[in-house]
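These notes concern the structure reproduced below.
The values are calculated or read from the model by the stated rules, or taken from the named source; none is laboratory data. Because the structure is a prediction, the values reported are computed rather than measured. For neighbour counting, all protein chains shown are included, and Cβ atoms are generated from backbone atoms with ideal geometry for every residue, glycine included.
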Amino acid sequence: MLQVPHIPVMLDEVKTIFKSLKDGYLVDCTLGYGGHTYALLSEKKSLHAIGCDRDEEAVEFSKKRFEQFKDRVTIEHKNFSSIIGKYEHLPICGILADIGVSSLQLDKNERGFGFDSLNLDMRMDTAQNLSAYEVVNRYPKNELERILRDYGELKEYKKIAKLICDKREKEPVKDAKTLADLVGRRGHFNGRSVSPATLVFQAVRIEVNRELQELEELLKSIQNSKITDCIVCIISFHSLEDRIVKQTFKSWAKSCICLPEALKCECGNNHALGEIITKKALEPTNEEVKANPRSRSSKLRAFYIKRGVHA
Ligand SMILES: C[S@@+](CC[C@H](N)C(=O)[O-])C[C@H]1O[C@@H](n2cnc3c(N)ncnc32)[C@H](O)[C@@H]1O
């Protein structure tokens, strides 16, 4: 029996969102260890799935896990920004993206995501060149400031960038543990006890993996495709991602795209891509957070794409 190293978050909510799916293809953009898709394929005997992940380790694991479903599943080592373009000719009825980091990535010391890791890596795809080591040790100070400010939302971004630059002038910051100790593992942010290290690691990880650009490109690829009659469900883990999803879904639901100053509608008032399913983002229940504390910051938003009928 395979030991699955990741607990899927908000599984009940995902099953509810996709309850109407019968046949067609589900695209799981972040297959990981397969938790969500395994549950959906087990319940829905005519559903097919395409799963992709940029983490080779996850892909290899899932190929074994999905052996019994091999006639219904295609698994790819790929960034999700290019998955829709490749498969949009198929009848895609569901798109799931559970973005973020898997438990295995966080827990495996050599992947360099955790505070006590003896590496400074954080690449989801270990074949790519840019790693956390390059970002922390080679980025110019102003670039470090930019990522700490924009991706870490750190008020003290200048001070922390200087701390890192002073340290690396003496010797390179070789591992995650040194970085976490340097910037501080304790502190508060927005009234919550989030340490500077948490936010610095978030910022570096987002930069290394182009996380926000990947999400934006995925959403653009869905928007520009011909896919219709399809439920899109995105689970995000921090406010920067959630903001992108929320604003994109809002713009997709807009029927009239005339400029605000227009006196009357001249666009035809038929531009909506469909409708928002979750008026407010869904969050995990207290029971789930207790059982799986890593689910605590997750937010789920869903959208139903139905082109050409919303006036
Ligand atoms: C939270 S885990 C997904 C877990 C999965 N739903 C499960 O139940 O096992 C997120 C996964 O997304 C992958 N990932 C993140 N960004 C990606 C991207 N841009 N393209 C492809 N995979 C990505 C990560 O490598 C990781 O395995």
Breaking point among (1) in contact with a Ser or Thr (Cβ under 6 Å, 6 or more places away or on another chain); (2) in a loop (DSSP other than H, G, I, E, B); (3) not charged (D, E, K, R), for A49
(2)
Taking interchain pairs and intrachain pairs at least six residues apart, which have beta carbon atoms under 7 angstrom, with the first residue in the stretch 31-46 and of a type in the set (A, V, I, L, M, F, W, C) and the second near the ligand (Cβ under 7 Å from one of its atoms) and part of a helix (DSSP H, G or I)?
L31/A58
Look through L47, L40 and report the one residue that is assigned by TED's automatic domain parsing to the domain that holds E88 and either polar (S, T, N, Q) or farther than 29 Å from R123 by Cβ (or both).
L47
Taking the conditions exactly as written (at pLDDT 95 or above, outside the structural domain of S225 (by TED's automatic domain parsing), more than 12 Å from the ligand (Cβ to nearest atom) and within 30 Å of Y304 (Cα to Cα)), does Y87 satisfy them or not?
no
Any chance the stretch 229-241 includes a residue that's loosely packed, with under 15 Cβ neighbours inside 10 Å, out of contact with any strand residue (DSSP E or B) (no Cβ under 8 Å at 6 or more places or on another chain) and not small (G, A, S)?
no
What pairs come out if I take residues in the stretch 93-110 that are hydroxyl-bearing (S, T, Y) and pair them with residues that are part of a helix (DSSP H, G or I) and more than 8 Å from the ligand (Cβ to nearest atom) whose C-beta lies under 7 Å away, six or more apart or interchain?
S103/R294
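Looking only at the stretch 122-136, decide whether some residue is in a loop (DSSP other than H, G, I, E, B), more than 13 Å from the ligand (Cβ to nearest atom) and among the hydroxyl-bearing types (S, T, Y).
Yes.
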Looking at the stretch 20-46 only, could you name the residues that are more than 9 Å from the ligand (Cβ to nearest atom), out of contact with any Pro (no Cβ under 7 Å at 6 or more places or on another chain), outside any loop (DSSP other than H, G, I, E, B) and of a type outside the set (D, E, K, R)?
L26, V27, L40, L41, S42
In the set I50, I17, I75, which member is modelled with pLDDT of 95 or more, under 23 Å from D242 (Cβ atoms) and either more than 14 Å from the ligand (Cβ to nearest atom) or β-branched (V, I, T) (or both)?
I17
Would you call H310 modelled with pLDDT under 90 and either in contact with a Gly (Cβ under 8 Å, 6 or more places away or on another chain) or not assigned by TED's automatic domain parsing to the domain that holds S236 (or both)?
yes
Considering only residues that are surrounded by 17 or more Cβ atoms within 10 Å (Cβ to Cβ), assigned to a loop (DSSP other than H, G, I, E, B) and not β-branched (V, I, T), which ones fall in the stretch 6-19?
H6, P8, M10, F18
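In the set L300, L212, which member is crowded, with 16+ Cβ neighbours inside 10 Å, assigned to a helix (DSSP H, G or I) and modelled with pLDDT of 95 or more?
Just a single option satisfies the conditions, and that option is L212.
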